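Quick notes on the structure that follows.
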Amino acid sequence: MNGTTPTNATDRLVDRFGRKVNYLRMSVTDRCDLRCVYCMSEEIKFIPREQLLTLEEIISIGQTAISLGVNKIRITGGEPLNRRDIMMVFEELGKTEGLDDLTLTTNGTQLPRYAEQLRKAGVKRINVSLDTLKPERFTALTRNGKLERVFAGLDAARDAGIEKIKLNTVILENRNHDEILELTEFAIKHGYDISFIEEMPLGVVNSHDRAETYYSTDRIMQDLSSEHELLPTTESTGGPSRYYRIPGIDSRIGFISPHSHNFCDTCNRVRLTAEGNLLLCLGQEHSMDLRHVIRSSPGDSEALRKALIDSMHLKPEGHEFDLEAKPIIFRHMNHTGG
Ligand code: SAM
Ligand code: SF4
């Protein structure tokens, strides 16, 4: 099926608070070749493969969402490039009319293999996660990763002609907060944007106490201001980052601050888990089981459209993250997709 452009305003996805949803993040797997300490617990159990949406189901949900006015889709995970035959999803969504922006969040390790194909499928910008420039620290933070593979992935993306590369950097006190300036210099040197992310209390992690390692956006900005002048901008890439510019520098510096600067009032996003649950908010459990819809009415795109429209009534006003409390969200980030 090719997506059809929305025909009238009532077909669009608008929630009870008048927020228009035009951005879908789709997690295509919960599996990953890394084990980042803030994302997963060490002995994580992955979802049995038969419970995952098939690639065809993922494409069908994406195309139905596009027909309802979604014009931006981010493919995420787990590590999306670890899912077998994943290029099919990029290729099919990439040629669907109505989609303006097809993007990917990746840890970068598989980019040497896939960067060319991604570019050919229409991916013009990607987010690559990078929290440190020190090889040993990278291995510690990811529990097994090799930093040089991420560097090779970044080079491959640039060589393939992916125009915009943004680094996603989670900052934890006493783990990597001392690298804020170096990571920024690295981004500037290579012409990447960089977004600093406050850790979110998603799922139980056993490697650190999140209240202790919390490093706020304000502190990151303070560290940066020792070397750089940060000028606020109104630029947006349609996500939760608030962007700043350094005079004379192309790279943008973004901040994703779920704790210190709640971004719920302008939320335009919903997330699909790898099992087919449409999550209406990253920090709440409100969801719609689209796998059930798609499997109980195979081929019935009207049922899927209706479910997506109905799900808008479930979208809560905002999240209630609290670092001091026990996690109220038991999903880890690799289930949800960042
Ligand atoms: N594997 C890919 C990657 O690492 O980019 C995509 C999935 S990952 C879950 C998406 C983003 O979520 C990454 O940038 C990661 O750093 C971020 N992330 C994971 N757990 C987080 C947490 N507890 N709080 C904030 N960000 C988190
Ligand atoms: Fe894997 Fe990404 Fe989670 Fe790290 S943040 S464990 S790379 S899914």
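The values are calculated or read from the model by the stated rules, or taken from the named source; none is laboratory data. These numbers were taken from a predicted model, which means no experiment stands behind them. Cβ sites come from the backbone with ideal geometry, for glycine too, and all protein chains shown count toward neighbours. With ligands, DNA and RNA removed, areas are computed over all heavy atoms of the protein, side chains included. Shrake-Rupley method; radii C 1.70, N 1.55, O 1.52, S 1.80 Å.
Worth a mention:
- All of Arg158, Arg149, Arg210 fail the test of being of a type in the set (D, E, K, R), open to solvent by 10 Å² or more (accessible area, probe 1.4 Å), within 15 Å of ligand 1 (Cβ to nearest atom) and touching a helix residue (DSSP H, G or I) at 6+ places or on another chain (Cβ under 9 Å), apart from Arg149.
Per-residue answers, yes or no, for (1) within 12 Å of ligand 1 (Cβ to nearest atom); (2) under 21 Å from Ile126 (Cα atoms); (3) among the aromatic types (Phe, Trp, Tyr); (4) in contact with a Gly (Cβ under 7 Å, 6 or more places away or on another chain):
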residue	(1), (2), (3), (4)
Asp178	no, no, no, no
Ala187	no, yes, no, no
Val205	yes, no, no, no
Tyr214	yes, no, yes, no
Glu229	no, no, no, no
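- Residue check for Ile253: within 20 Å of Lys164 (Cβ to Cβ) and open to solvent by 10 Å² or more (accessible area, probe 1.4 Å): no
- Residue within the range 41-54 that is within 16 Å of ligand 1 (Cβ to nearest atom), surrounded by fewer than 22 Cβ atoms within 10 Å (Cβ to Cβ) and at pLDDT 90 or above present: yes
- Residue match in the range 244-255 (condition: assigned to a loop (DSSP other than H, G, I, E, B), modelled with pLDDT of 85 or more and in contact with a His (Cβ under 6 Å, 6 or more places away or on another chain)): yes
- When the residues of the range 86-106 are filtered to those that are touching a residue at least 40 places away in the same chain (Cβ under 8 Å) and in contact with a strand residue (DSSP E or B) (Cβ under 8 Å, 6 or more places away or on another chain), the one that is farthest from Ser129 (Cα to Cα) is Leu99.
- Qualifying residue in the range 85-95 (condition: more than 28 Å from Leu280 (Cβ to Cβ) and in contact with an Asp or Glu (Cβ under 6 Å, 6 or more places away or on another chain)): no
- Filter pass, Val70 being closer than 13 Å to Tyr23 by Cβ and either within 19 Å of the chain's Cα centre (by Cα) or β-branched (Val, Ile, Thr) (or both): yes
- The residues of the range 95-117 that are open to solvent by 30 Å² or more (accessible area, probe 1.4 Å) and outside any loop (DSSP other than H, G, I, E, B), listed by number, are Asp101, Pro112, Arg113, Glu116, Gln117.
- Number of the exception - Gly299 against (1) open to solvent by 50 Å² or more (accessible area, probe 1.4 Å); (2) at pLDDT 90 or above: (2)
- Selection status of Ile197, within 15 Å of ligand 2 (Cβ to nearest atom) and under 14 Å from Gly254 (Cα atoms): yes
- When residues in the range 63-94 are screened for being within 22 Å of Gln110 (Cβ to Cβ) and part of a loop (DSSP other than H, G, I, E, B), 7 of them pass.
- Asp223 being part of a helix (DSSP H, G or I) and either modelled with pLDDT under 95 or touching a strand residue (DSSP E or B) at 6+ places or on another chain (Cβ under 6 Å) (or both): no
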